[in-house]
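Here the structure is laid out as structure tokens; the discussion comes afterwards.
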Amino acid sequence: MAVTVKVVMTDAMKARRDELIEIVKTNMAGFRLAAEALLEIWKNAYYSEKHKDFGEFCMEHFGFGYNYARKIINADATIKSYAAAAGTGAVALTNEAQARALSKAGSPKDMVKAMSLIKKQNLTPSAEIISAAVRQIQKENEIVVAQGQTVNPLPTEVALAIEEGKSLMAALSDIKAKCNEIDKFAASKFGVCMPSGQLTNVIRKAVDQIKLARPYADCVYCGSVGGNCSGCGGRGWLTKTDFDSAPENLKQNSLVVTE
């Protein structure tokens, strides 16, 4: 679903938007540069000067709507996720159909397994071949689960970080509760000398920022492998801000989300 966002466009932002429009128009065949340009337009709301939403902008400039634009963006995100998990052994994927087929594997680790199966059999990674490899990995995972084994466990350090994030939430809730008590006191006859609400509002904003920056979920880009993953910065886990900005098809691969 498209969301309406309005930003004040500077001359530099307008110039960058126009540059990105041309990148999309001239790179749809290769699609990945176009996907990155579309994502930048969407995340920065470069569409908002004359259009009510991203979909309307895409329809006017490129002839397709929001859903197709997101499909292209998600396909590029799938390839990046796979490449981060596979490292130097990654197979080059060049079109959206390949990426869409590979995304059905779910986790980046299973994407790597599927593509490794294709490499081992020396097959050309068409969308059909990738789909068949993904189905094979899914069958193997079903057998593992049926035998009571664990599929794709989180690395210990990542699991610990997310558990610490849960513990931190309790402390942050206590801080906000204390702020409410302070405000109540400031509003009473005994708090006439206190700067009512000013300090506690600063504290509340700081608490909200900490919530967004805490370990929130396993990395859906690299499957918590870390390394050179640009999605998580090599940590293996995502903040809430990072997770919220991830493509929807990758969010579904998360093994654990801290609420």
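Structural remarks
- Restricting attention to region 60-99 and to residues that are farther than 20 Å from Met111 by Cβ and not hydrophobic (A, V, I, L, M, F, W, C), the residue that is least open to solvent (accessible area, probe 1.4 Å) turns out to be Gly65.
- Residue within region 45-54 that is at pLDDT 90 or above and either in a helix (DSSP H, G or I) or under 26 Å from Gly223 (Cα atoms) (or both) present: yes
- Tally, over region 19-38, of residues that are assigned to a helix (DSSP H, G or I) and open to solvent by less than 50 Å² (accessible area, probe 1.4 Å): 8
- Test: Lys71 is assigned to a helix (DSSP H, G or I), in contact with an Asp or Glu (Cβ under 8 Å, 6 or more places away or on another chain) and of a type in the set (Lys, Arg): yes
- Annotation: of all residues in region 225-246 being touching a residue at least 40 places away in the same chain (Cβ under 8 Å) and open to solvent by 10 Å² or more (accessible area, probe 1.4 Å), the one that is nearest to Glu40 (Cα to Cα) is Ser245.
- Conditions (1) open to solvent by 50 Å² or more (accessible area, probe 1.4 Å); (2) touching a Gly at 6+ places or on another chain (Cβ under 8 Å); (3) touching a residue at least 60 places away in the same chain (Cβ under 8 Å); (4) not in a loop (DSSP other than H, G, I, E, B); number of the one not met by Val158: (1)
- Filter result for the condition that a residue is of a type outside the set (Ser, Thr, Tyr), open to solvent by 40 Å² or more (accessible area, probe 1.4 Å) and over 27 Å from Ala84 (Cα atoms), over Ala186, Ala213, Ala206: Ala206
- Number of residues in region 105-149 that are of a type outside the set (A, V, I, L, M, F, W, C), closer than 20 Å to Asn253 by Cβ and at pLDDT below 80 equals 5.
The values are calculated or read from the model by the stated rules, or taken from the named source; none is laboratory data. Source: prediction; values computed, not measured. Using ideal geometry, Cβ is built from the backbone for each residue, glycine included, and neighbour counts are taken over all protein chains shown. Heavy atoms of the whole protein, side chains included, go into the accessibility calculation; ligands, DNA and RNA do not. Shrake-Rupley method; radii C 1.70, N 1.55, O 1.52, S 1.80 Å.
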